[in-house]
Amino acid sequence: MNVGIDLISFQTAQYFLDLRTLAQTRGVDPEKYYQGLGQEKMAVPPPDEDSVTLGASAARVLVDQVGAQDIELLLFGTESGVDQSKSAGLFVHGLLNLPRRCRVIELKEACYAGTAGLQLALAMVRLAPQKKALVICADVARYDLGSPGEPTQGCGAVALLISAQPRLLAVDAEAGFHAENVMDFWRPNYRTEALVDGKYSTLVYLSTLVQTWRQYREFTGRKLTDLARCCFHLPFTRMAEKAYIRLCREEKIPEPAAEEIRHILGPSLVYNRQTGNTYAASLYEGLAALLDNDPQDLGDRRISLFSYGSGCMAEFFSGIVQPGYRQYLMADRHREMLAGRTELTYRQYEDIFRYQVPEDDGDHVFAPYRTGYYRLQGIKKHVRCYQSIA
Ligand code: HMG
């Protein structure tokens, strides 16, 4: 029985900063960001947007299509959760009116949390094929102002509907995975910005890619050339190029020409280049971008996914794109959302960045910005109050 991704929906904030603006302010050559990192814009969440509102907006589109009745599991993968105890998924469960008979959990392992959610959801659907699971990956990526990580910031969410006989991607059972206790990127509970050993983090990313690929190759007997397209976790899009080149080297295939890299990776990078890192959502934002934008029909073709979460946990797996998948994509919605965003000046970006959610027990109401279907209306006696706006 095939199990996998039945529908996929992506959401990002309605505001962005062009990295040329950031480069000018920081006195950096803009080509370092545009070419060196492969990033053009970063999505900036206004004060009334967070991982819950982004995740709920992404998921709402799926629930509107298929109804909520068969959803028995909601897994919310994030490293920018809004509460130390309560799952962000429970806010979404309420906003979307999901059934009370539903298991709802928040998962954390940096950018890997979405993949953990996906694999757990697939396991549930294998046992109960008539049921569906909702996996939401949502994050706000923040680094210190002026730090090397700053131009890789971003935010966004992806919702995946997991089912038997999926319409988009049947996920293969085999996977290579790897865990290791390293300090390449982390965020202590008392900080709102991540700490990172940037260059080291890229090295660990690549070494765990090789470890997981070797396992995958051994279990499946497949070669790199058996994969029609490769999706990688995208902290910034140049990282995917480095990853693909590293795999070619491992396979002793000649270094790929720019045209081949564009063919294998290009469509999967389109959205991330416009949003920046979306942490747990980033790999699946790449998958949505690939399916939405690849000029070729990928039906019946096998594609790979590499998930990396700092700390670290990595997984290499694959799936077969389902014939006729194109009619079930939300490509127009995704493109219109990205095209309809509002550009910020540097000053506006820094003001939003410096805004801190109040921590006292007062009754705080937030000014309305442009958001998706939901916004954080206020915080009253430490209780977050979300509002549906459409
Ligand atoms: P940096 O030191 O500012 O940049 O940090 P750099 O000096 O390494 O330059 C970057 C690239 O731009 C280089 O290309 C330069 O040559 C090029 P490369 O040598 O790598 O091919 N460059 C230029 N190109 C054109 N014109 C120019 C120019 N100048 C330079 N004028 C770093 C880069 C990625 C370290 C930094 O942005 C950072 O710390 N980012 C955050 C950490 C990160 O993204 N790590 C990625 C792997 S870990 C991961 O993916 C997990 C993560 O998502 C978190 C999670 O799991 O939750 C982050």
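The values are calculated or read from the model by the stated rules, or taken from the named source; none is laboratory data. Source: prediction; values computed, not measured. Note that each Cβ is placed from the backbone with ideal geometry, even for glycine, and that neighbours are counted across all protein chains shown. In case anyone asks, the SASA skips ligands and DNA or RNA and just uses the protein heavy atoms, side chains included. Shrake-Rupley method; radii C 1.70, N 1.55, O 1.52, S 1.80 Å.
Can you give the FRET efficiency to the nearest 0.05 for residue 345 and residue 249, using r as the Cβ-Cβ distance and R₀ = 56 Å? Result of the calculation: an efficiency of 0.85. Per-residue ellipticity at 222 nm from helix content only, as computed over the chain with -39500 (n - 2.57) for each DSSP H run of at least four residues, stands at -10500 deg cm²/dmol.
Residues considered: 83, 297, 48. Largest GNM mean-square fluctuation over the chain, using C-alpha springs under 10 Å, is found at 83. Take the Cα of residue 35, step 7 Å toward its Cβ, do the same at residue 355, and the gap between the two points is 3.6 nm.
Only one residue of 328, 181, 346 has its Cα farthest out toward the positive end of the dipole of the chain, where Lys and Arg carry +1 and Asp and Glu -1 on Cβ, and that residue is 328. Cut-off 19 Å, label point 7 angstrom out along Cα-to-Cβ of residue 222: give me the residues of region 284-310 whose amide nitrogen falls inside. Flagged as within label range: 284-292, 294, 296-308.
Let me know the number of lysine pairs in region 3-388 closer than 18 Å at the Cα, not counting same-chain pairs under 8 apart. Within region 3-388, the lysine pair count is 9.
Taking a ≥ b ≥ c as the square roots of the Cα gyration tensor eigenvalues, the chain comes out oblate, since a/c reaches at least 1.5 and a/b does not exceed b/c. DSSP finds beta bridges in the chain, and of those with both partners inside it, around 75 percent are antiparallel. A 1.4 Å probe run over the chain, with the rest of the protein chains in place, finds 41 Å² accessible per residue.
The gain in end-to-end length when the residue 370 to residue 389 segment is fully stretched comes to 5.8 nm, 0.36 nm per residue minus the alpha carbon separation. Taken as entire DSSP H runs, the helices of the chain never both span 24 Å or more between Cα atoms along their own long axis and average 1.6 or more on the Kyte-Doolittle scale. Here the peptides 166-175, 144-153, 225-234 are ranked by packing, the mean other Cβ count within 10 Å, and the order with the highest first is 225-234, 166-175, 144-153. For region 337-390, the set of trypsin sites (Lys or Arg not before Pro) satisfying both a DSSP loop assignment and a count of at most 15 other C-beta atoms within 10 Å is given as 370, 381.
In a simple Cβ point-charge model (Lys, Arg +1; Asp, Glu -1; nothing else charged), the chain has a dipole of about 500 debye relative to its Cα centre. Here region 3-388 has 49 percent of its accessible surface on carbon and sulfur atoms, given a 1.4 Å probe and all protein chains in place. Note on residue 380 and residue 263: their simple-model spin labels are 6.0 nm apart, each label 7 Å out from Cα toward Cβ.
For the listed peptides 38-44, 330-336, 298-304, a ranking on the average number of other beta carbons within 10 Å per residue, highest first, reads 38-44, 298-304, 330-336. If you run the Gaussian network model on the chain, springs between alpha carbon atoms under 10 Å, then out of 159, 194, 110 the most flexible one is 194.
Label separation (residue 197 vs residue 296): 4.0 nm, computed from points 7 Å beyond Cα along the C-beta direction.
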